[in-house]
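Since the structure comes first, as structure tokens, the remarks are kept for the end.
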Amino acid sequence: MSKFELKLPQMGESVAEATLTSWLKEVGDTIEMDEAVFEIATDKVDSEVPSEVEGVLVERLFDVDDVITVGQTVAVIELNGTLENTSESNGEVTEHTEVVPEETVTALEDNVVIAKETITAPSPDYTGSERFYSPLVKNIAKKEGISIEELEGIAGTGKEGRVTKNDILDYLQTRSDGASEAAAEEPKQQAVDTPVPQKQQKAVVETPQPATVTSHGDNETIPMTRMGKLIAQHMVASVSTSAHVQSFIEVDVTKVVKWRDKVKKAFEAREGEKLTFTPIFMEAVAKALKNFPMINISVEGDNVIKKKNINIGMAAALPDGNLIVPVIKNADQLNLVGMAKVVNDLASRARTNALKPDEVKDGTYTVTNVGSFGSVFGTPIINQPQVGILALGAIRKLPSVIETDEGDFIGIRSKMFLSHSYDHRVVNGALGGMFAKAVADYLEAWDIDREI
């Protein structure tokens with residue numbers, strides 16, 4: 001019987017490792033093609049890793065929170081979905097038998113027991129909870145007599161606070177260790193045994209909570225999240241690697257604003273997509289990168305790597321305050337409709353943590369919209385190994401001098417700042433400034449009568 005090694009896939013040229021955040025399959029579970037087996041996290045994305053084959057999971061080589069290098073084998077899958085197989089060739093039946101690890105047999109037996117119990121016993125009523133519990137956790141809770149109120153009080157360490165198998169087993173161990181003390185305290189025992197309203201019952205159950213926040217006088221110490229720590233390391237490494245320098249340019253985007261106001265309702269009715277300013281700016285950046293290819297580069301040692309494809313990353317804020325950078329592949333080949341659809345799709349799935357590893361890798365240049373938070377301009381840090389990043393400031397209506405053949409006038413114009421950070425090791429001030437000016441010129445020359 002052949003086996004398949006499920007390895008950690010490549011997730012981007014600057015990503016060499018990832019943290020295993022949870023197992024979605026137990027040893028002995030049957031796995032379908034493209035079914036997720038485990039979840040991983042990097043400083044750029046949290047993602048599920050699917051199986052490339054059908055079979056049975058026979059070995060898990062890493063534990064949750066282990067750091068895995070790209071290319072390492074994470075799980076072993078027995079092909080054909082069985083541990084024992086009978087094949088027929090030329091009318092002959094040949095039986096192939098392999099020695100199955102003891103833990104695999106045990107896991108399979110446990111699954112059979114759980115399945116039988118699920119069929120013969122009534123399912124526990126967890127319908128009153130909005131929290132997600134896996135079938136395995138529910139079965140353990142039912143077997144151990146854990147009520148829904150008690151289960152609600154268990155702190156989950158899984159994704160989005162889900163209760164994992166280890167969480168409930170740790171809770172059971174803690175409850176078992178404290179059984180003798182509970183027995184010695186008669187009033188407390190009676191309180192647990194006596195039916196009480198739900199709110200009171202939650203107060204009776206004493207579940208140990210992880211000490212995530214500590215107080216020191218008037219101050220609180222809050223540990224950084226795993227992703228927060230990785231982002232911090234990435235930012236410090238970028239500043240240490242690249243010689244950051246900035247160029248700023250003010251852009252009159254009155255034509256862009258008027259054109260969008262004129263076409264956005266028709267665009268949404270026809271395409272089923274909202275037309276934001278982002279795809280317009282991305283189109284301008286893509287055209288500028290095509291005209292200034294030495295901005296679309298990376299540095300490897302003493303060599304400059306000139307990129308063939310123009311892949312623009314767009315920094316997106318997550319609900320938890322962290323950032324992620326989905327990548328618009330071959331941005332120069334998209335028309336405005338195609339750009340709008342890609343931008344909206346990536347932004348939407350970034351907010352729901354549904355991006356795939358391939359969608360946050362291979363970026364060649366990055367754009368960040370600091371104006372969405374009200375900032376007029378900013379000085380963004382370069383996303384390594386790229387050499388430039390453009391910050392889009394807030395669009396504001398300002399009094400401005402308007403030059404005409406009949407003289408100069410004061411009028412109200414929509415304006416914004418572009419802030420271009422670039423790596424001064426390989427991009428000089430002239431090139432960095434000309435690139436920003438090219439983006440500005442394209443926006444200021446926008447055709448107010450452009451068809452969509």
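Each value in this text was obtained by applying a stated rule to the coordinates, not by laboratory testing. Predicted, not measured: the structure shown is a model, and the values here were computed from it. No Cβ is skipped: glycine too gets one built from the backbone with ideal geometry, and neighbour counts run over all protein chains shown.
Do any of Lys290/Lys415; Lys229/Lys274; Lys229/Lys361; Lys142/Lys229 go past 27 Å between their Cα atoms, and which? Please report the intermediate quantities before stating the final value.
On the way: Lys290/Lys415 25 Å; Lys229/Lys274 34 Å; Lys229/Lys361 20 Å; Lys142/Lys229 38 Å.
In this structure, Lys229/Lys274; Lys142/Lys229 exceed 27 Å between Cα atoms.
Stretch Glu451-Gln72 to full length: gain in nm at 0.36 nm per residue minus the Cα-Cα span? Intermediate results must be reported in sequence, preceding the final value.
Values: separation 379, 0.36 × 379 = 136.44 nm, distance 5.06 nm.
Working it through step by step, the gained length comes to 131.4 nm.
Name the residues whose placed amide hydrogens come within less than 5 Å of the amide hydrogen of Gly378, ignoring near sequence neighbours (fewer than 5 apart) on the same chain.
Ser419
Per 0.36 nm of contour for each residue apart, how much would the distance between Lys265 and Glu144 grow if the chain were fully extended, relative to their Cα-Cα spacing? Could you put the intermediate results ahead of the total?
Details: separation 121, 0.36 × 121 = 43.56 nm, distance 5.76 nm.
Gain in length upon complete extension: 37.8 nm.
With each pseudo-label sitting 7 Å past Cα toward Cβ, what's the Glu17-Ser2 distance in nm, one decimal?
Using points 7 Å along Cα→Cβ, the separation is 3.3 nm.
Enumerate the calculated ³J(HN,Hα) couplings along the range 386-401 in order (Karplus 6.51 cos²θ - 1.76 cosθ + 1.60, θ = phi - 60°), each rounded to whole Hz, writing x wherever the residue is Gly or Pro.
Couplings: 6, 10, x, 8, 10, 9, 9, x, 5, 7, 10, 8, 9, x, 8, 7 Hz.
What is the spin-label model distance, in nm, from Asp408 to Asp63 if the labels are put 7 Å beyond Cα along the C-beta direction?
Result: 7.2 nm between the two label points.
Calculate, for Thr379 and Glu32, the FRET efficiency according to 1/(1 + (r/R0)^6) with r their C-beta to C-beta distance and R0 51 Å; round to the nearest 0.05. Don't skip to the answer; put the middle values down first.
Working: r = 48 Å, r/R0 = 0.95.
My answer for the efficiency is 0.60.
Fewest first, what order do Asp167, Asp345 take by the number of other Cβ atoms within 10 Å? Kindly include the intermediate steps, with their values, before the conclusion.
Numbers: Asp167 17, Asp345 14.
Least crowded to most crowded, the residues run Asp345, Asp167.
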